[in-house]
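Q: This structure is in C-alpha cells; I'll ask about it shortly.
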C-alpha cells in the first residue's frame, strides 16, 4: 500500500472495528436481555462458553497473520522480505 493511502486504510479499519463492536454489544444485549436479577448464575454458562469458544476461534484464525517487518534493502538497493511467498524483482 502506498504511504499516502495509510490514512484511508486506518480509517477503514477503525470504522469496521467500531461497527463490529457495536453489533457485538447489540447481540450480547439481545442474548442476555431476558434475564432478571436473581436468575441463577448457571444460566449464563452457555454464553460464557460461547464467548470462550469465539475467543479461541479468533486466536486460531489470527495465527496465519504475518506481522514480521520486511528486511532492510540489500546493498545493491533491492528489497528482500522475511515474509513467506515473497519474490523480489530481478
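The values are calculated or read from the model by the stated rules, or taken from the named source; none is laboratory data. What you see is a predicted model; the values in this text were computed from it and never measured. Glycine also receives a Cβ, built like all others from the backbone with ideal geometry; neighbour counts cover every protein chain displayed.
Q: Residues 68, 87, 80: which one is modelled with pLDDT under 70, in a loop (DSSP other than H, G, I, E, B) and surrounded by fewer than 11 Cβ atoms within 10 Å (Cβ to Cβ)? Spell out how you get there, then give the answer.
A: Values: 68 fails: modelled with pLDDT under 70; 80 fails: surrounded by fewer than 11 Cβ atoms within 10 Å (Cβ to Cβ).
87 is the lone residue from the list that is modelled with pLDDT under 70, in a loop (DSSP other than H, G, I, E, B) and surrounded by fewer than 11 Cβ atoms within 10 Å (Cβ to Cβ).
Q: Looking at 24, 20, 30, 57 in this structure, which one is within 15 Å of the chain's Cα centre (by Cα), in a helix (DSSP H, G or I) and modelled with pLDDT under 90?
A: Being within 15 Å of the chain's Cα centre (by Cα), in a helix (DSSP H, G or I) and modelled with pLDDT under 90 holds for just one of 24, 20, 30, 57, which is 24.
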